[in-house]
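Report on the following structure.
The values are calculated or read from the model by the stated rules, or taken from the named source; none is laboratory data. Being a predicted model, the structure only gives us computed values, none of them experimental. Note: ideal-geometry Cβ built from the backbone for every residue, glycine included; neighbour counts use all protein chains shown.
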Amino acid sequence: MKHRQQQLGTMSGRAAELMSRLNFIHRNLMHFWLYRKFLGIFNSAKVIIGVPYLWLFCFFIVPFLIILRISFTEAEIASPPYSSVLTWIEGGVLEIKLNFQNYVTLWQDDIYISAYLSSIKIAAISTFLTFVVGFPIALALSRLPKKWRLLGLMMVILPFWTSFLIRIYAWMTILSPSGVLNNFINFIGQGIGLIDPASPVQLQLLGTEFAVYIGIIYCYLPFMILPIYATLDKMDHTLVEAAMDLGCPPIKTFWVITARISLPGILAGCFLVFIPAMGEFVIPDLLGGSDVLMIGKVLYDTYLQGMDLPLVSAISVSLLLIVIIPIYLFQRVQQKQFE
Amino acid sequence: MKQTLTRFNKISLVIGFAFLYIPILILIAYSFNESKLVTVWGGFSFKWYPELFKTKGLWDAAKITLWLAVLTSTFAVVLGTMTAFALVKFKRFRGRVLFSGITYAPMVMPEIIMGTSLALTFLALNFNKGFLTILLAHITFTMCYVTVVIQSRLIGFDRHIEEAAMDLGADRFKTFIYITLPMIMPAIVSGWLLSFTLSLDDLIIATFTTGPGATTLPIWIYSKARLGISPNINALSTIIIGVVATIVFLITLYSHHKEQIDKRHAE
């Protein structure tokens, strides 16, 4: 311990030395006009606001405008592989050609509509299931003694740090026909004599909607637990006590107080699961197989074919239009909570 | 009142943590499996690890991924810190609502939308896709997370200390170096590490913005996992989990250490 402190001492000493040297250089440099100007750059509001604003504008706003534009064009075999929206024709006339065909295709071709609907269905069901799994965990965490609470919270967050892809892959090993789960069922079944060793059970789990639900619950569980925990943690427990003292039965106390108080957290958690689940394509691709239809997968496949980029743009613009309502509602919920 | 755990609470904790951790533990356990069939236990073996080094292209992918993560997090920290200062220090400027809107939007929006829009933008501008395009995309989506981390630290700290330093004759630069920077340092470190792991893990945005010669590890794993399970991926995943777990452990240790120092200073 003492040794450690000494080490820390020398380190901060070295840092202080460096600082004073830096300060010396800075003081001398301040005589130069150019240096003062250079520091001034970092000091002005224009730069501090302007640089990140410009960055986000170029790499976030502009790309949207570009796909919006491309979604109104026609696929062409040329470079770039789509027609142009604006053209100058003779006599100084600007011609605007908006092609709505891509959106018409989305509306008329059954595959797109059913992919959107099936995405909404899968996202909604898995959001509900994530809530059912996540709420009891959040509740139990908030009731842990203080010194265990931080550890418990860390343990919920830790899997979130490991790669999303690796966690989905882990479920592939578990759910595959000759996978861990099937092996386990057979092992137990043969042990108690329910399953004949000659004809082992092989449940087809991988490649079903069930596997997709498991994948989404597993990957998004922390997003559900954390906001609910945050509201429960702030809850005044004397309220529960008061209700109990006044003769309110425990279940009613739970509904009237605990559930009501955690409602903003529940809503935030549901949005945080529902919105990204809508656009998910890795989980349905790896766990769902060809039977599960989701718009993210359709979008990715269309993009990979690389032929019809205007259609790709139209699909992602309409996906954005669908999720923009939940995103807006989510920001409302968040703002209310902070007020 | 002392909160007591009911039996229901205990059961939900046990089942919850089992659900969260058993799949990862199974994945790690099977990376030490002798058998080529991933799901049949054939005895303990390290053989899949040396095998990884012989796999073509894997080492390059690992190098690219690490460089990408280091560069991404460094740029993201600079931009994220500026964004956080802009949002905390300047309460009113034209377009502030839009600015804070687009700061947080990339965190909630499905990544696939950002991926396609960036991919088509690079195409429309005739920009060759490769390392640089992934880097630009990664900086854009991780800087938002850095902003949130640094913003909460900036809101929490006492502005008067900065004012006191200025009153005592320190110029703005000196105040920044001696007062502001050390105070937000923990947030900068955790913001850097957060964007490092986000960039390390990202598959979706990288898939859309990658080009020839810029295969990252997640892209490599995904292309292999689409073909089915293999012990190679288990071994590689175990290494990645080990690296990330070490980073998380270091963050926790660092913030704990910082807290201890703060406490000592307060005494």
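A few notes on this one:
- Yes/no for A:S79 being small (G, A, S), out of contact with any Pro (no Cβ under 8 Å at 6 or more places or on another chain) and either modelled with pLDDT of 80 or more or under 22 Å from B:T133 (Cα atoms) (or both): yes
- Single residue of A:F42, A:F64, A:F60, A:F72 found to be modelled with pLDDT under 75 and surrounded by 12 or more Cβ atoms within 10 Å (Cβ to Cβ): A:F42
- B:T147 falls short on exactly one of the conditions (1) farther than 30 Å from B:L236 by Cβ; (2) without any contact (Cβ under 8 Å) to a residue 60 or more places away in the chain, and that condition is (2).
Conditions (1) in a helix (DSSP H, G or I); (2) touching a Pro at 6+ places or on another chain (Cβ under 8 Å); (3) facing chain A (nearest Cβ under 9 Å), marked per residue:
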{"residue": "B:K56", "(1), (2), (3)": "no, no, no"}
{"residue": "B:L79", "(1), (2), (3)": "yes, yes, yes"}
{"residue": "B:F85", "(1), (2), (3)": "yes, no, yes"}
{"residue": "B:S100", "(1), (2), (3)": "yes, no, no"}
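For (1) at pLDDT 90 or above; (2) closer than 18 Å to A:A170 by Cα, each residue gets a yes or a no:
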site	(1), (2)
B:Q3	no, no
B:F19	yes, yes
B:Y30	no, yes
B:D60	no, no
B:T72	yes, no
B:L98	no, no
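- Every residue from segment B:191-212 that is assigned to a loop (DSSP other than H, G, I, E, B) and buried (at least 18 other Cβ atoms within 10 Å of the Cβ): B:D202, B:L203, B:T210
Residues checked against (1) assigned to a helix (DSSP H, G or I); (2) of a type outside the set (D, E, K, R):
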position	(1), (2)
B:I28	yes, yes
B:G42	no, yes
B:E51	yes, no
B:R94	no, no
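- Test: residue in segment B:145-163 that is assigned to a helix (DSSP H, G or I), at pLDDT 85 or above, within 11 Å of chain A (Cβ to nearest Cβ) and buried (at least 20 other Cβ atoms within 10 Å of the Cβ): yes
- Residue in segment B:177-190 that is within 9 Å of chain A (Cβ to nearest Cβ), not aromatic (F, W, Y) and not in a helix (DSSP H, G or I) present: no
- B:A170 small (G, A, S) and part of a helix (DSSP H, G or I): no
- Scanning segment B:123-144 for residues that are closer than 10 Å to B:T209 by Cα and at pLDDT 90 or above turns up B:F131, B:L132, B:T133, B:I134, B:L135, B:L136, B:A137, B:H138.
- When segment B:243-267 is filtered for residues that are more than 17 Å from B:G191 (Cα to Cα) and either aromatic (F, W, Y) or under 15 Å from the mean Cα position of the chain (by Cα) (or both), only B:V243 remains.
- Test: residue in segment B:213-233 that is part of a loop (DSSP other than H, G, I, E, B), in contact (Cβ under 8 Å) with a residue 60 or more places away in the chain, under 21 Å from B:T65 (Cβ atoms) and aliphatic (A, V, I, L, M): yes
- Looking only at segment B:244-265, and only at residues there that are surrounded by fewer than 12 Cβ atoms within 10 Å (Cβ to Cβ) and of a type in the set (K, R), the one that is nearest to A:T162 (Cα to Cα): B:K263
- Of the residues making up segment A:308-339, those that are more than 10 Å from chain B (Cβ to nearest Cβ) and among the small types (G, A, S) are A:A314, A:S318.
- Of the criteria (1) in contact with a His (Cβ under 9 Å, 6 or more places away or on another chain); (2) assigned to a loop (DSSP other than H, G, I, E, B), which one B:N128 fails: (1)
- Candidate set: segment B:225-243, residues that are of a type outside the set (G, A, S) and surrounded by fewer than 16 Cβ atoms within 10 Å (Cβ to Cβ); chosen: the one nearest to the other protein chains (Cβ to nearest Cβ): B:R226
- Taking the criterion of being within 12 Å of chain B (Cβ to nearest Cβ) and out of contact with any Gly (no Cβ under 9 Å at 6 or more places or on another chain), the residues of segment A:259-276 that qualify are A:A268, A:F271, A:L272, A:F274, A:I275, A:P276.
- Qualifying residue in segment B:41-51 (condition: among the hydroxyl-bearing types (S, T, Y), out of contact with any strand residue (DSSP E or B) (no Cβ under 6 Å at 6 or more places or on another chain) and within 30 Å of A:K297 (Cβ to Cβ)): no
- Helices (runs of 4 or more DSSP H) contained in segment A:118-205 and holding at least 1 residues more than 21 Å from B:I28 (Cβ to Cβ): A:146-161, A:180-191
- A:W107 within 30 Å of B:G115 (Cβ to Cβ) and either away from chain B (no Cβ under 14 Å) or of a type in the set (F, W, Y) (or both): yes
- Listed by first and then second residue, the pairs with beta-carbon distance under 8 Å, at least 6 apart or on different chains, first residue in segment A:40-65 and over 18 Å from B:T147 (Cα atoms), second assigned to a helix (DSSP H, G or I) and among the basic types (K, R), are A:N43/B:R172.
- Within segment A:163-176, the set of residues being within 7 Å of chain B (Cβ to nearest Cβ) and among the hydrophobic types (A, V, I, L, M, F, W, C) comprises A:F164, A:L165, A:I166, A:A170, A:W171, A:M172, A:I174.
- Every condition in (1) more than 7 Å from chain A (Cβ to nearest Cβ); (2) part of a helix (DSSP H, G or I); (3) more than 18 Å from the chain's Cα centre (by Cα) holds for B:L135 except the one numbered (3).
One line per residue, one yes/no per condition, for (1) within 8 Å of another protein chain (Cβ to nearest Cβ); (2) crowded, with 21+ Cβ neighbours inside 10 Å; (3) touching a Lys or Arg at 6+ places or on another chain (Cβ under 6 Å):
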{"position": "A:S119", "(1), (2), (3)": "no, yes, no"}
{"position": "A:F131", "(1), (2), (3)": "no, no, no"}
{"position": "A:I137", "(1), (2), (3)": "yes, yes, no"}
{"position": "A:L144", "(1), (2), (3)": "yes, no, no"}
{"position": "A:I157", "(1), (2), (3)": "no, no, no"}
{"position": "A:S178", "(1), (2), (3)": "yes, no, no"}
{"position": "A:D196", "(1), (2), (3)": "no, no, no"}
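- Count of residues meeting criterion [surrounded by fewer than 15 Cβ atoms within 10 Å (Cβ to Cβ) and of a type in the set (A, V, I, L, M, F, W, C)] in segment A:146-155: 4
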